[in-house]
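The values are calculated or read from the model by the stated rules, or taken from the named source; none is laboratory data. Bear in mind the structure is a predicted one, so any value in this text is a computation, not a measurement. So basically every Cβ, Gly included, is an ideal-geometry build from the backbone, and we count neighbours across all protein chains shown.
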């Protein structure tokens, strides 16, 4: 009588990097999650997608009054509202992607426990909604440019590249913080604090020129500082800091890779620890 075959399914041992073929096989699930998040975000709201413009607009008004009018923060010769908004727009994309992608992992607890699929899809899909908000909020950016008579540089064609690397950096931070929040729930409380602090060490409400020249190198330690400032320079038709931009791109890729390693280290434990 032939011996019976027995198949044992076990989680992979050691660090396992994502398999491109597996991610491609689940690409439809990625789109389903992404479109679901976009629909749910403004479902049963009165103003719908207008919130993508109203929220950054109100932030621009409040910051312009506090930092532009009262604190007299230098704006390199430009009207402070457009100086602020040109950097606030990419920053909001970064902050929203970081917050939503990291929180999506805990939010998918029941799904993770019941169904197998590459867990990397969850935070990746959560990045879709902030990107849609960013595209809608650009309407206000165009309006400000027309109102203040500011003509963007021809390098505006590179904005999608900058946005891509801003999303990469946000995903890297989200993978690290979201992955760690599976085992250590304290990280859920750390994420909003990290976002708030990160904003003030990024040249959003101020320009790099505000810092003494001997201290400007500290901005280079921030993975998105060069990316956010480059978005501002392009909209205001100012020369780009290519060294700062190149370093930001490299650091964004490094942040994503480190975040991926942390996330992959936690992935096999997710179903058990949630």
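Below is a table of values for the structure above.
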| read-out | value |
| --- | --- |
| Count of segment 86-145 residues which are outside any helix (DSSP H, G or I) and under 25 Å from residue 205 (Cα atoms) | 1 |
| Among (1) crowded, with 16+ Cβ neighbours inside 10 Å; (2) within 25 Å of residue 53 (Cβ to Cβ); (3) modelled with pLDDT of 90 or more, the one test that residue 173 misses | (2) |
| Conditions (1) more than 11 Å from the chain's Cα centre (by Cα); (2) in contact (Cβ under 8 Å) with a residue 40 or more places away in the chain; (3) closer than 25 Å to residue 21 by Cβ: number failed by residue 114 | (2) |
| Residue match in segment 236-244 (condition: in contact (Cβ under 8 Å) with a residue 60 or more places away in the chain, out of contact with any helix residue (DSSP H, G or I) (no Cβ under 8 Å at 6 or more places or on another chain) and within 27 Å of residue 139 (Cβ to Cβ)) | yes |
| Inter-residue pairs, beta-carbon under 7 Å, first surrounded by fewer than 16 Cβ atoms within 10 Å (Cβ to Cβ) and in segment 188-206, second assigned to a loop (DSSP other than H, G, I, E, B), 6+ apart | 201/222 |
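Residue by residue, here is whether (1) touching a residue at least 40 places away in the same chain (Cβ under 8 Å); (2) within 28 Å of residue 225 (Cα to Cα); (3) surrounded by 18 or more Cβ atoms within 10 Å (Cβ to Cβ) holds:
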| residue | (1), (2), (3) |
| --- | --- |
| 40 | no, no, no |
| 71 | no, yes, no |
| 76 | yes, yes, no |
| 85 | yes, yes, yes |
| 107 | no, no, no |
| 133 | yes, yes, yes |
